[in-house]
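Okay, structure first, notes after.
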Amino acid sequence: MSQLKASTTVVINSIAQSKKAAGIRVYNLSVGEPKMVTPQVVRDAACAFIQNGDIPYPSPAGLPKLRDLACGWMNKNYKTDYVQNECIVTTGGKFAIYLLLQYLCGKSSSIKENPNDIIDVIVPAPYWVSYPAITKIMDANPIVINTKESNGWKLTPEELKAASTKNSKILMLNNGVNPTGTIYTRAEMQALMNTANELDLIVISDEVYSGLVYSGDEYVSCGSFPEYKDKTIIVQSMSKSFSMTGWRIGYIFANKEIIDVMSALSTQSTTGVSLIAQYGAIAAFENAEAINSSINQTMKDRRDEFVRAYKKHFGKDIENPKATLYVFASLESLGVKGLTDEEFCIRALEEVNVASVPGSSFGQPGYVRFSYGSDIEDLDGGLESLAKFIKSL
Ligand code: PMP
């Protein structure tokens, strides 16, 4: 566990917390969640279940009705064809990834030729920090591919081929990328899936931001390529599309064999997900269209406000982010000289109360991640303070 050192993100969070405790207004451009109250119907359903009073252990794979609804939501929105026994409810998307890598990289993994092999997990960068961190916890080896800003931070089949090793067994793909906001077109995804298949890789596709696409472009799920269904694993979550981060509800969609193993692992770890949260999740899916579209619209409005405020205070345009909650900007484009990304983020917070996340946390030094997921009031004031701070450097 020695590799688990405190990250700059944690340092930044703790400075922000102590400022808030001292009554100082902090402009929150660092959140990883859509800041909105959970929809009333979801809260009502969870409360009704609590009031019923009978709250036993859950079944390890999740309530059958919830698994059916999750499959229905995926199939309707993302051209997949999952059925109940190809789906398990997990404690958020993060634990879904944890369980998957625990099994696939572990001694009893079905993808290992030899129990002592060390698996290489291919991780495109900039990456969500937990991919390499969880990979290392599982004694596997992250192989990081640096994607290029000039290519919209998209992984290409050529880059994938060049990075693949003899022990590469898994591609950890994120579509609706945290931190860049990138989404892949169907043609790009088809090409990547073809190459992953040629390289005999299992694709774990983290699709938790699928509901936060603003450009009108199709969101392409890796589960919508029937020819590769058996070697594709989808991770989903209610955190972003349903604004339910604290409820800790996620899903894995995969072949039945993998779901059965995940279910067995659940029995020896969490015993399944809180039934209170699961009943809330059922109500969320029953009202999915209204909930998803209202959250999407609210986040789109915040994105537009971020783009407008950036132009106002920095005097130039930024490209309209297509998806997620994030803008990933280089220090150069911000006009920052002589500071590293970590120094910049810490000083911006200490000196003008603006919280942001250094690109180094995502494997991309020299960049900063701003989130527009927080209250709309934070965006204009935060960018104004930031622009003044940069001028003063
Ligand atoms: N994947 C990505 C890319 C994320 O940004 C997050 C949360 N920040 C998660 C997975 C985990 O989501 P959760 O555990 O809340 O479902």
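The values are calculated or read from the model by the stated rules, or taken from the named source; none is laboratory data. Here the structure is a predicted model, which means the values were calculated and not measured. When we count neighbours, we look across all protein chains shown, and the Cβ atoms used for this are built from the backbone with ideal geometry, even at glycine. Ligands, DNA and RNA are excluded from the accessible area calculation, which covers all protein heavy atoms including side chains. Shrake-Rupley method; radii C 1.70, N 1.55, O 1.52, S 1.80 Å.
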With every protein chain kept in place and ligands, DNA and RNA left out, what is the accessible area per residue of the range 303-358? Probe 1.4 Å, answer in Å². 44
Mind checking the dipole of the range 209-313: about its Cα centre, +1 per Lys or Arg Cβ, -1 per Asp or Glu Cβ, Debye to the nearest 20? 520
Could you grab the Rg to Rh ratio for the chain? Cα atoms only, Kirkwood for Rh. 0.96
Using a ≥ b ≥ c from the Cα gyration tensor of the range 304-381 (square roots of the eigenvalues), is it rounded, prolate or oblate, where a/c under 1.5 gives rounded and otherwise the larger of a/b and b/c decides, a/b for prolate? rounded
Dipole magnitude of the chain about its Cα centre, charges +1 at Lys/Arg Cβ and -1 at Asp/Glu Cβ only, in debye to the nearest 20? 600
In square angstrom, what is the accessible area per residue of the range 40-287 with a 1.4 angstrom probe? 39
When the helices in the chain are scored as -39500 (n - 2.57) per DSSP H run of 4 or longer and the sum is shared across all residues, what 222 nm value do you end up with, to the nearest 500 deg cm²/dmol? -13500 deg cm²/dmol
Over the chain, what percent of the accessible surface lies on carbon and sulfur atoms, probe 1.4 Å? 52
Cα gyration tensor shape for the range 216-287, rounded if a/c is under 1.5, else prolate or oblate: oblate
What residue among F285, S274, A61 has its Cα farthest toward the positive end of the dipole of the range 40-287, where the charges are +1 on Lys, Arg and -1 on Asp, Glu, each on the Cβ? S274
Give the cross-link partners of K107 among the aspartates and glutamates, using a straight C-alpha distance below 19 Å as the criterion and excluding same-chain residues fewer than 8 apart. D117, D120, D139, E257, D260
Too long at a 22 Å Cα-Cα cut-off: which of K311/K388; K316/K337; K112/K136; K316/K391; K240/K322; K148/K231? K148/K231
Protection proxy (average C-beta count within 10 Å per residue), highest first, orders 196-207, 130-141, 243-254 as 243-254, 196-207, 130-141
Given a cut-off of under 8 Å on Cα pairs at least six residues apart, what relative contact order in percent is computed for the range 91-157? 28
Sorted by packing (mean other beta-carbon atoms within 10 Å per residue), highest first, where do 374-382, 105-113 land? 374-382, 105-113
If packing is taken as the average count of other Cβ atoms within 10 Å, what order do 269-279, 37-47 fall into, highest mean first? 269-279, 37-47
For the chain, averaging the sequence separation of alpha carbon pairs under 8 Å that lie six or more residues apart and dividing by its residue count, the contact order in percent is 26
Helix by helix through the chain, keep the DSSP H runs that span 24 Å or more along the axis on Cα and average at least -0.5 on Kyte-Doolittle, and give those back in order. 376-392
Take the alpha carbon gyration tensor of the range 1-146, find the square roots of its eigenvalues, order them as a ≥ b ≥ c, and report rounded if a/c is under 1.5; if not, report prolate when a/b exceeds b/c, else oblate. oblate
